[in-house]
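Inspection log for the structure reproduced underneath, given as structure tokens.
The values are calculated or read from the model by the stated rules, or taken from the named source; none is laboratory data. Model, not experiment: these values are computed from the prediction. Quick reminder, even Gly has a Cβ in these numbers, built from the backbone with ideal geometry, and neighbours come from all protein chains shown. Quick note on the areas: whole protein, heavy atoms, side chains included, nothing else; ligands and nucleic acids left out. Shrake-Rupley method; radii C 1.70, N 1.55, O 1.52, S 1.80 Å.
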Amino acid sequence: MPSKDVTNQEGWQNAKAASKSTNVASTSATGTISGNAFQALTPLILVLLSSKWMGILLLRFLVSFKSLREDMAEEDTNGAADGLPPPPPVPPDFTPAKTELEPVKKKVLRVPMARRGLGNKGQKIQILTNHFKVNVTNVDGHFFHYSVALFYEDGRPVDGKGVGRKVLDRVHETYDTELAGKEFAYDGEKSLFTIGALPRNKMEFTVVLEDMTSNRSNGNSSPGGHGSPNDNDRKRLRRPCQSKTFKVEISFAAKIPMQAIANALRGQESENSQEALRVLDIILRQHAAKQGCLLVRQSFFHNDPKNFVDVGGGVLGCRGFHSSFRTTQSGLSLNIDVSTTMIIQPGPVVDFLIANQNAKDPFSLDWAKAKRMLKNLRVKTSPTNQEYKITGLSDRPCREQLFTLKQKGKDVDGEVQTTEITVYDYFVNHRNIELRYSADLPCINVGKPKRPTYFPVELCSLVSLQRYTKSLSTFQRSSLVEKSRQKPQERMQVLSNALKINKYDAEPLLRACGISISSNFTQVDGRVLPPPKLKTGNDDFVPRNGRWNFNNKRLVDPTKIERWAVVNFSARCNIQGLVSDLIKCGKQKGIMVEDPFDVFEESPQVRRAPPLVRVEKMFEQVQSKLPGAPKFLLCLLPERKNCDVYGPWKRKNLAEYGIVTQCIAPTRVNDQYITNVLLKINAKLGGLNSMLTVEHSPSIPMVSKVPTIILGMDVSHGSPGQSDVPSIAAVVSSRQWPSISRYRASVRTQSPKVEMIDNLFKRVSDTEDEGIMREALLDFYVSSGKRKPEHIIIFRDGVSESQFNQVLNVELDQIIESCKFLDEKWNPKFVVIVAQKNHHTKFFQPNDPSNVPPGTIIDNKVCHPRNYDFYLCAHAGMIGTTRPTHYHVLFDELGFSADDLQELVHNLSYVYQRSTTAISVVAPICYAHLAATQMGQWMKFEDTSETSSMRGGVTNAGPVAVPQLPKLDEKVSSSMFFC
């Protein structure tokens with residue numbers, strides 16, 4: 001921020017103007033230094049002698065002077081070098097100073113801060129949590145870490161997934177004596193752990209696996225190598241050609257003391273303690289793998305149809321369990337929770353495809369789409385029940401697809417006879433298998449591209465527990481939420497059963513570690529914080545159960561809806577009724593709503609055009625009829641979610657014209673619906689719906705007395721499988737201090753799947769910074785009466801514990817650099833808090849079927865043994881089981897008390913302008929997520945010819961540039977457009 005005498009933007013840019021000074025030493029053209037020049041240097045030498053740099057500089061001077069003299073002596077062939085005078089006399093009272101080298105300043109890395117104390121505010125409440133106490137008796141032993149390398153018989157490394165566990169299981173069975181009878185925990189890839197050492201540091205084994213179904217062994221099972229298996233092939237499959245020989249190398253890598261777990265429980269975390277806990281988690285994974293579970297990180301899914309729920313499109317939600325060891329204030333605990341993953345519907349391939357494409361029958365399927373969907377899925381073929389991986393589909397239908405079939409006999413020359421036959425004829429006539437509907441459908445290819453192996457589609461069934469990794473549709477997502485939610489008591493029952501089913505007490509490695517797990521939920525002390533008092537235009541009130549409404553209430557700062565129009569993209573509704581309801585409801589809330597200038601209907605011919613064309617045509621209509629640019633456009637969409645027009649429409653309005661717009665898909669219009677729409681419009685147009693009473697006073701500790709900016713930071717990534725779509729970073733910042741309810745957003749694209757925000761500070765010249773923070777800080781300065789924020793409170797979403805140090809040492813450094821670039825003398829104080837929703841800790845009320853009350857906070861027992869963290873359930877969980885937000889306070893230069901900081905976080909859950917409820921995570925983070933998601937829609941329908949070559953990532957030519965988002969028009973750049 002500018003210093004007090006610099007109040008304009010230019011002053012900020014000039015605050016870092018660098019002054020350059022140069023010291024010039026020159027010699028004559030011949031390279032000689034005259035006696036006069038040397039005498040002129042005498043005062044300089046005396047100064048140098050008396051300084052602490054004397055030793056270094058004098059030495060450098062004498063060395064260079066000596067080399068100069070040597071050079072001159074060589075050049076003067078006549079030996080006629082000028083004579084030099086004697087050195088100057090040293091003053092009698094001169095005392096040489098002791099040389100002291102200044103230590104090189106090493107950058108101190110920030111680490112997450114330690115807990116300063118526990119909070120006391122709020123009504124005390126007893127709570128149960130899904131952490132189960134773990135007792136560890138063997139802390140004197142060691143885990144031995146070995147690296148595992150797998151090779152085929154010919155020396156090629158094994159790259160297929162899933163083979164490792166089978167190979168290592170066989171090693172364990174076959175070489176038990178050589179392994180000294182030791183059990184081991186294998187991670188399925190390259191690491192193996194034992195308790196105590198193996199007999200030797202390097203061991204090599206050879207094992208044979210029969211009936212391998214990996215991709216390497218599938219392509220050679222048809223007669224002549226082309227076509228479909230027959231009875232002869234079945235026999236061949238059982239012979240050694242279907243077996244695989246593997247070489248296994250096990251080499252010692254490291255030794256991990258179990259004592260590290262005890263150290264971690266005292267808050268002394270180290271690499272050893274993280275590794276030791278990782279070993280325990282690997283033991284759990286291996287335990288689940290032995291039971292035939294699908295493993296997804298630390299979640300395990302049994303093959304039990306009772307756990308499957310159909311969410312549509314041939315996709316099932318599969319319910320399983322997450323379990324992981326955690327170090328907490330009360331010791332080591334096992335955190336067990338319900339977990340859900342998506343799997344492909346097992347059973348006949350055709351049934352899956354019909355459901356996936358919502359088709360009537362197999363003959364209506366889009367087989368090009370089917371080919372993409374089926375690739376790499378595993379199938380079992382009948383009647384042999386052999387398992388294969390799908391590599392593709394045949395080019396022709398089953399009754400036309402030919403392959404070369406070897407005959408049993410040989411011809412007169414002793415050559416094997418072959419004949420061309422269709423796949424259909426082979427299975428029907430040679431194998432006597434009835435095919436009901438496959439004749440006119442493509443065959444499934446389980447061979448290699450040049451050596452196909454075909455099966456009729458009706459003989460193929462998809463194997464169970466195959467993950468579906470594509471992003472879900474809106475319908476699938478809502479279906480999953482609806483079908484997988486569990487009430488608190490039901491979830492507790494399921495988790496208790498999970499502990500019994502998993503039988504961890506029988507796991508030999510856990511027993512060898514001296515680990516026993518309690519079957520009781522851990523009891524913790526919670527507190528329920530009182531809800532903050534809210535202010536509207538005509539009322540101060542206290543929300544009840546985290547909720548309130550605007551019945552008979554006026555908005556605290558209502559705006560005016562003027563110079564506006566309605567555009568209708570083919571939505572069916574009573575537009576006149578909707579407009580009159582908006583005007584009437586707005587009047588009750590204090591918003592003056594003028595009559596719209598016009599209603600623009602999309603012409604029927606344009607409805608089937610691409611989204612960009614539809615938006616352009618609509619804008620042409622608006623421009624041709626309106627006398628000038630409107631201030632606001634109400635946009636009616638035909639579909640409630642994911643309408644193709646949404647992204648291009650928002651982009652056109654906000655980036656090109658600076659017009660505020662609200663999109664709605666009116667189906668059931670009532671007073672509540674109209675009120676919610678007005679709340680969004682009011683916030684977007686610069687109004688305010690409600691605010692905290694302490695914000696109005698203002699009396700928020702640490703925030704109200706000193707200019708304070710609050711930031712919410714989030715990064716939105718492309719859907720699973722979209723590795724080339726840029727990630728979108730959003731930073732939302734508070735404005736108009738002392739308000740903590742008004743925000744604006746800065747959004748940038750960055751490299752795909754990168755979680756750290758790399759555009760916070762972006763220096764492009766000595767005077768220019770194009771980073772996100774500059775925008776936020778300048779806006780705060782201008783909107784807050786030309787005050788620089790002295791406190792900067794950062795809420796960061798979406799990072800895991802392993803990334804905390806990057807947030808503290810990379811992102812925070814960028815923010816500090818941005819501040820210094822504006823004003824070198826400016827030293828704001830920082831608070832950095834990470835919010836996590838993606839965790840597995842849940843809370844329950846003993847003997848009460850309802851969720852914990854809103855405002856429930858927990859900062860003991862199940863929290864970190866050293867670091868400053870707490871859990872907060874700010875919202876009222878109306879359905880399912882409440883998921884608390886886990887807040888980690890990484891850095892606090894302000895010195896907040898535990899109570900004041902927790903109260904600030906709680907208050908920030910009540911300033912969300914879009915709804916009349918407390919929300920589960922602080923509003924600035926919610927807004928950052930909304931801004932990133934909305935602007936991500938802008939990029940969805942860009943002309944692919946422009947962007948396909950710029951999608952980010954790496955090509956043969958090197959890294960690809962990430963396409964930049966268009967900038968918001970300045971009329972809306974500081975608005976709550978994301979609201």
*Give the residues of the stretch 615-649 that are open to solvent by 30 Å² or more (accessible area, probe 1.4 Å) and either part of a helix (DSSP H, G or I) or within 15 Å of V660 (Cα to Cα) (or both), sorted by residue number.*
E616, K617, E620, Q621, Q623, S624, K625, G628, A629, K631, Y646
*Within the stretch 817-831, can you find the residues that are closer than 21 Å to D769 by Cβ and buried (at least 18 other Cβ atoms within 10 Å of the Cβ)?*
S818, C819, F821, L822, D823, W826, P828, F830
*Of all residues in the stretch 552-571 being over 38 Å from the mean Cα position of the chain (by Cα) and assigned to a loop (DSSP other than H, G, I, E, B), the one that is surrounded by the fewest Cβ atoms within 10 Å (Cβ to Cβ)*: N552
_Cβ-Cβ under 9 Å pairs, at least 6 apart or on other chains, the stretch 466-481 side in a helix (DSSP H, G or I), far side modelled with pLDDT under 90 and among the hydroxyl-bearing types (S, T, Y)_ = R477/S471
_Pairs needed: first member in the stretch 320-347, in contact (Cβ under 8 Å) with a residue 12 or more places away in the chain and among the aromatic types (F, W, Y); second member anywhere, surrounded by 21 or more Cβ atoms within 10 Å (Cβ to Cβ) and not in a strand (DSSP E or B); C-beta distance under 6 Å; at least 6 residues apart or different chains._
F325/L280
*Scan of the stretch 253-294 for residues that are of a type in the set (D, E, K, R), out of contact with any Pro (no Cβ under 8 Å at 6 or more places or on another chain) and over 15 Å from L334 (Cβ atoms), ordered by number*: K255, E269, E271, E275, K290
_Condition first: among the basic types (K, R) and surrounded by 15 or more Cβ atoms within 10 Å (Cβ to Cβ). Now tell me which residues in the stretch 115-157 satisfy that._
R115, K121, K133
*Does L150 satisfy being within 30 Å of D899 (Cβ to Cβ) and of a type in the set (A, V, I, L, M)?*
no
_Flag if N847 is open to solvent by 10 Å² or more (accessible area, probe 1.4 Å), over 26 Å from F541 (Cα atoms), of a type in the set (S, T, N, Q) and within 25 Å of the chain's Cα centre (by Cα)_ = no
*Name the pairs whose Cβ atoms lie under 6 Å apart, with the first residue in the stretch 384-400 and under 12 Å from P456 (Cα atoms) and touching a residue at least 24 places away in the same chain (Cβ under 8 Å), the second among the small types (G, A, S) and open to solvent by less than 20 Å² (accessible area, probe 1.4 Å), and 6 or more positions between them or separate chains?*
C398/S438; C398/A439; R399/A439
_Filter result (more than 13 Å from the chain's Cα centre (by Cα) and modelled with pLDDT of 90 or more) within the stretch 711-725_ = L711, G712
_Just checking, does the stretch 800-809 include any residue being surrounded by 17 or more Cβ atoms within 10 Å (Cβ to Cβ), in contact with a His (Cβ under 8 Å, 6 or more places away or on another chain) and modelled with pLDDT of 95 or more?_
yes
*Any idea which residue in the stretch 497-531 is surrounded by the most Cβ atoms within 10 Å (Cβ to Cβ), counting only those that are among the acidic types (D, E) and not in a helix (DSSP H, G or I)?*
E507
*Which one is farthest from V731 (Cα to Cα) among residues in the stretch 761-792 that are open to solvent by less than 30 Å² (accessible area, probe 1.4 Å) and charged (D, E, K, R)?*
D769
*In this structure, is A289 surrounded by fewer than 19 Cβ atoms within 10 Å (Cβ to Cβ), in contact with a Leu (Cβ under 9 Å, 6 or more places away or on another chain), outside any loop (DSSP other than H, G, I, E, B) and modelled with pLDDT under 95?*
yes
*Mind checking which residues of the stretch 828-842 are within 25 Å of V111 (Cβ to Cβ) and either in a strand (DSSP E or B) or touching a helix residue (DSSP H, G or I) at 6+ places or on another chain (Cβ under 8 Å) (or both)?*
P828, K829, F830, V831, V832, I833, V834, A835, Q836
*asked:* Looking at (1) at positive phi; (2) open to solvent by 10 Å² or more (accessible area, probe 1.4 Å), which one does V494 not meet, given that it meets all the others?
replied: (1)
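Each row is one residue, and each column tells you yes or no for (1) closer than 30 Å to M342 by Cα; (2) surrounded by 18 or more Cβ atoms within 10 Å (Cβ to Cβ); (3) over 36 Å from the mean Cα position of the chain (by Cα); (4) aromatic (F, W, Y).
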| position | (1), (2), (3), (4) |
| --- | --- |
| K375 | yes, no, no, no |
| P383 | yes, no, yes, no |
| E415 | no, no, yes, no |
| V423 | no, yes, yes, no |
| S438 | yes, yes, yes, no |
*Within the stretch 453-465, how many residues are open to solvent by less than 30 Å² (accessible area, probe 1.4 Å) and either under 40 Å from the mean Cα position of the chain (by Cα) or among the hydrophobic types (A, V, I, L, M, F, W, C) (or both)?*
8
*Do you know which of the residues in the stretch 558-577 that are of a type outside the set (S, T, Y) and touching a helix residue (DSSP H, G or I) at 6+ places or on another chain (Cβ under 8 Å) is farthest from N689 (Cα to Cα)?*
F569
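Residue-by-condition table, conditions (1) modelled with pLDDT of 90 or more; (2) open to solvent by 40 Å² or more (accessible area, probe 1.4 Å):
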| site | (1), (2) |
| --- | --- |
| K235 | no, yes |
| S243 | no, no |
| R266 | no, yes |
| K306 | yes, yes |
| F325 | yes, no |
| T328 | yes, no |
*Which residue out of E249, E275 is assigned to a strand (DSSP E or B) and of a type in the set (D, E)?*
E249
*Which condition does K861 not pass, out of (1) modelled with pLDDT of 95 or more; (2) under 27 Å from F804 (Cα atoms), if it passes all the others?*
(1)
_Single residue of the stretch 680-717 satisfying the filter (of a type outside the set (A, V, I, L, M) and in a helix (DSSP H, G or I)) that is most open to solvent (accessible area, probe 1.4 Å)_ = H696
*Could you tell me whether any residue of the stretch 543-551 is touching a strand residue (DSSP E or B) at 6+ places or on another chain (Cβ under 7 Å) and part of a strand (DSSP E or B)?*
yes
*What are the residue pairs meeting all of these: first residue in the stretch 881-910, first residue within 21 Å of L128 (Cα to Cα), second residue open to solvent by 20 Å² or more (accessible area, probe 1.4 Å) and part of a helix (DSSP H, G or I), Cβ atoms under 7 Å, and 6 or more apart or on different chains?*
T881/R491
